[in-house]
1. Write down the percent of antiparallel bridges among all DSSP beta bridges whose residues are both part of the chain, to the nearest 5.
2. Compute the separation of the alpha-carbon centres of segment 1-73 and segment 122-138 and state it in Å as a whole number.
3. Specify which labelled value, from [x] 59; [y] 16; [z] 31, agrees with percent of Cα pairs over 28 Å apart derived from the coordinates of the model shown.
4. What is the dipole size for the chain, taken about its Cα centre, with +1 at each Lys and Arg Cβ and -1 at each Asp and Glu Cβ, in debye to the nearest 20?
5. Using a 7 Å offset from Cα along Cα-Cβ at LEU3, what residues in segment 104-129 end up with backbone N under 19 Å from the label point?
6. For the ranges 73-81, 4-12, what's the packing order if you count other beta-carbon atoms within 10 Å of each residue, average per peptide, and put the highest first?
7. Just want to confirm a number: the relative contact order over the chain, from Cα pairs under 8 angstrom separated by 6+ residues, in percent.
8. Kindly give Rg over Rh for segment 1-52, based on alpha-carbon atoms, with the Kirkwood expression for the hydrodynamic radius.
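Taken together, the values in this text are just the output of simple stated rules run on the coordinates, not laboratory data. Treat the numbers as computed from the prediction; the structure is a model and nothing was measured. Using ideal geometry, Cβ is built from the backbone for each residue, glycine included, and neighbour counts are taken over all protein chains shown.
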Amino acid sequence: MTLDLIFWRHAEAHDAVEGGSDLLRALTPHGEQQAARMAVWLNRHLPADTRILASPARRTEQTVLALDRPFKLHAELAPTASLAQLLTLTQGPNLPSTVLIVGHQPTLGQAIGQLIGAKAGACCVKKGAVWWLRQRQRGGVPQTVLVSVQSPGMLPEGF
């Protein structure tokens, strides 16, 4: 059995305001465009039964809303969440074959780094970018395959 894990970092957000809540930071107009462009690409490639999990931060919720698909917010994906919390959400017997996680750096990059065996331990995920990984077994050996990395600024025109 294969499991596709797709990691989508929230699009560009306004800077934190002194004394303001990090969870309430909203997308910039540019971030809204990034989310919309990436959502078009994702909707062309995601299976209908994809489970979508997102951080409860406003900027992350605004990013995933561009997909116009059902999703669930998880405190385990908040900006202060740990790598262990994120990875726990990607395990279990009742997962569909595709899971999209919408979250934050550095946790997304740490998860990707661990799954692909990066020596440095983490990958840098640009704002609005998607990393699509596939976990599978070949000859009884677990493998992680990098399927695609997409950044909203690198998508061809029409997205």
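1. In the chain, DSSP labels about 55 percent of beta bridges as antiparallel.
2. The distance from the Cα centre of segment 1-73 to that of segment 122-138 comes to 15 Å.
3. [y]
4. 480 debye
5. Correct set: 104, 107-118.
6. On the way: 73-81: 17.0, 4-12: 24.4.
Packing proxy ranking, top to bottom: 4-12, 73-81.
7. Details: 315 pairs, mean separation 50.1, N = 159.
Averaging sequence separation for qualifying contacts and normalising by length gives 32 percent for the chain.
8. 1.11
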